[in-house]
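The structure under discussion appears below in the form of structure tokens.
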Amino acid sequence: MKLLLENWRKYVNEVSMGFDMAKSIEYTAFVLDETSHQKLAALAPEGWKVYAHHMTVINPLNQKQRLPSQWLEYEGCINIVGIAEGQHVMTALVDLGDLPLPMKGPEYPHITIATNPEAGGKPSMSNWKYKPEFSEGNFRQIEPIEVCGTIEEVPK
């Protein structure tokens, strides 16, 4: 009974904090470690601005509630299985494998590698809403590249 009450208190605290605490969060992401950042940065075309920082899990428009606590501070690895490069942006397609990550917002799991400043490229241009530059058919398959990191809430 004591364990039940402790778990119930924890759940109630998470639910009540979920909405209030989310107001201070810009977005939730799988943030790459430095080694993984370097792997992807090496793929960027010369003269482009390198990002290769994170895979958005919950974008700013959907950041109304926090992820369940079991996901926060999750450390692990995912695989890059495709690369697409358009006039404005280069992005990597992520295969989450068996990881049941609750994605909210991004049309597909991806990591923006770099943008072309001369063409006015912005990281948000790696989303499918910028068709036909990016859609599932635009990715060339590659030998999987493992990237590692931590799920983090990025503050405003």
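No lab work stands behind these numbers, since they all come straight from the coordinates. As the structure is a prediction and not an experimental result, all values here were calculated from the model. Cβ: placed from backbone, ideal geometry, glycine included. Neighbour counts: every protein chain shown.
Remarks
- Scope the range 79-91; condition within 13 Å of the chain's Cα centre (by Cα) and over 10 Å from Ile145 (Cβ atoms); matching residues: Thr91
- Hits in the range 81-126 - residues which are surrounded by 18 or more Cβ atoms within 10 Å (Cβ to Cβ), in contact with a helix residue (DSSP H, G or I) (Cβ under 7 Å, 6 or more places away or on another chain) and in a strand (DSSP E or B): Ala84, Val89, Thr91, Ala92, His110, Ile111, Thr112, Ile113, Thr115
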